[in-house]
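A quick write-up on the structure given underneath.
Coordinate-derived values only; no laboratory data. Computed from a prediction, not measured in an experiment: that's the story for all the values here. When we count neighbours, we look across all protein chains shown, and the Cβ atoms used for this are built from the backbone with ideal geometry, even at glycine.
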Amino acid sequence: MNKSTLYNHLTQYRKTIYPFHMPGHKLNRMFNIKNIIDIDVTEVDGTDNLHHPKGIIREAQEKASYTFGARKTFFLVNGSTSGIISAISAICQEKDKILISRNSHKSVYNGVILNDLEPIYLYPEINHSNGIIGGINPHQVEEKLLKYPDIKLVVITSPTYEGFVSNIEKIADIVHKYNKILMIDEAHGAHFIFHNDFPKTAMEQGADIVIQSTHKTLPAFTQSAMLHINSSNIDCNEIQDKLSIFQSSSPSYILMTSLDNCREILDTKGRQMFNKYAMNLLQCRNQLKNKLKHLKLIDDEVIGTNHISDIDYSKIVIDCSKANITGIELDKILRNDYKIQVELSNINHIIAMTSVCDSKKGFKRLQEAIIKIDSKLQKENKKAYKYDIIDKEHKYYNPKIAYNMEKETVELENSIGKISGEFIIPFPPGIPLIIPGEKISEENINLISIYKKLNIELMGLKDSEINTIRIIREV
Ligand SMILES: Cc1ncc(COP(=O)(O)O)c(C=O)c1O
């Protein structure tokens, strides 16, 4: 019997909990792969090489590019993270300007710091009653491109963690009018192409580079992801070179096979599987929409607000802002009393991630649990909270400069008005609340103390207790 700590814990978890979280395979046995050990090989004669593919890996990538609608596809074994950093590094040179949505994942900021780029920010609209981040206004993209004509690359996250899609078609037209490159972090949208109920993909809408975490929403192993090229203006050799820097020199054949296997399952059975999934999903959403009294399923009503042009129905987002419960408490009740684990919980909402691997029984379990919890709640109009970060220009120093500047450590409450030398990143979703070089506001500190009280994980700070922060030393 396997007594290793992780194996024991994880197999026990699988037996007891229903996962409404990633990975998209949902811990079930969708894979045609019976024994993982059989495929854990290395680069030898006949097994090809991810960093210079000429054989089976090249063939698998070509098949994936056809399925996902790209000109060329690169397999990623270090998540979208590696694709995002590699693509930014391939396109931008030191000191270049890069236009990024301020709600970008931390990997975008790491790409900025590693390449010493000058970020210009796009601020998404925020829903001021529940604090959830919306989409990017295409006009804002045009304004920035006009103001900073030397911007090299535009990077936008769409969909967001909550499944909100920006108007990429319009944004792509604008970006191309100014002869720039549009990269979309579509980490949460790898499944879009497989059913009409989901939004149009970023590639269908004209994006040049698209990065998808296959593992998040499709049946593929954690860390397996894809970088798609959708334009003849991108130097694919440069992308390949950078991927060889930022990805392991021993890329996992288990992960690569999982990507190819996922593609094969979807090519052969995808239509039928997705039709069944879309039906189960719709039934679950309808039940939640009609039966919840205090909690609220976020649905089509948000389309057209806060620059959200479409939503991903696969994300079951429950708004708690009008009920006497926080998202964190709802998450705990689901886990403890109903043995359901959701992907994310925050002050005012939770996200249950669904996928084509969820069962009808699983959907029923989720909807019944949420409806039952709701029946015991009461109305409460909570104070609106917002991610202060996103609506204000707080940048003071370039992130790379700030990252390397001399720092001093101060108590959090004494840091208001100072310039941060560190990231503060609530996880998930991995969007920095504060970036090195930004001025720390009172709202930031208040939000951090709420996060601490609610036990929301905060990453990026040297002080793991989150009592102090390193600020730029004043000269
Ligand atoms: C919007 C977004 N982009 C990129 C990433 C990084 O993806 P990965 O975990 O595949 O590296 C994440 C991870 O959560 C994400 O939410």
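Ordering 350-363, 449-462 by mean Cβ neighbour count within 10 Å, with the highest value first, yields 350-363, 449-462.
Report the Cα centroid-to-centroid distance between the range 424-464 and the range 81-151 in angstrom, as an integer. What the calculation gives is 19 Å, centre to centre. Computed packing ranks the peptides 406-414, 86-94 as 86-94, 406-414, most packed first, by mean other Cβ atoms within 10 Å. Neighbour counts of other Cβ atoms within 10 Å put Asp299, Asp331 in the fewest-to-most order Asp299, Asp331. Here r is the Cβ-Cβ distance between Ile33 and Lys293 and R0 is 51 Å; the resulting FRET efficiency, rounded to 0.05, is 0.70. From helices alone, the chain scores -11000 deg cm²/dmol at 222 nm; the rule is -39500 (n - 2.57) for each run of n ≥ 4 DSSP H residues, then divide by the residue total. Computed from label points 7 Å out along Cα-Cβ, the spacing between Glu169 and Thr11 is 5.1 nm. Computed from the C-beta positions of Arg71 and Ile120, the FRET efficiency with R₀ = 22 Å rounds to 0.20. Eigenvalues of the alpha-carbon gyration tensor of the chain, scaled by 5 and square-rooted, set the equivalent ellipsoid semi-axes at 31, 31, 23 angstrom, largest first.
Under the simplified labelling scheme, the His51-Asn446 pair shows an inter-label distance of 5.1 nm, with each label point 7 Å from Cα along Cα→Cβ. Each of Thr5, Thr222 was scored by other Cβ atoms within 10 Å of its Cβ. Listed from fewest to most, they are Thr5, Thr222.
Put a dot 7 Å past the Cα of Asp300, heading toward its Cβ, do the same for His128, and the two dots end up 2.8 nm apart.
Short-range pairs are left out: with C-alpha atoms under 8 Å and at least six residues apart, the relative contact order of the chain is 18 percent. Using a cutoff of 8 angstrom between alpha carbon atoms and counting only pairs six or more residues apart, the relative contact order for the range 159-203 works out to 38 percent. Taking the charge dipole of the chain about its Cα centre, with +1 at Lys and Arg Cβ atoms and -1 at Asp and Glu Cβ atoms, the residue from Gln247, Val165, Ala220 reaching farthest to the positive side is Ala220. Ranking Ile298, Tyr277, Ser314 by Cα position along the charge dipole of the range 276-375, where only Lys, Arg, Asp and Glu carry charges on their C-beta atoms, puts Tyr277 farthest toward the positive end. Of the peptides 243-254, 128-139, the order by per-residue mean of other Cβ atoms within 10 Å, starting with the highest, comes out as 128-139, 243-254. Averaging the Cα positions of each part gives two centres, and for the range 1-65 and the range 316-372 these lie 27 Å apart. Based on C-alpha pairs under 8 angstrom that are at least 6 apart in sequence, the range 25-101 has a relative contact order of 12 percent. Say R0 is 41 Å: what FRET efficiency, to the nearest 0.05, do Asp197 and Ser249 get from their beta-carbon distance? Computed FRET efficiency for Asp197 and Ser249 comes out at 0.50.
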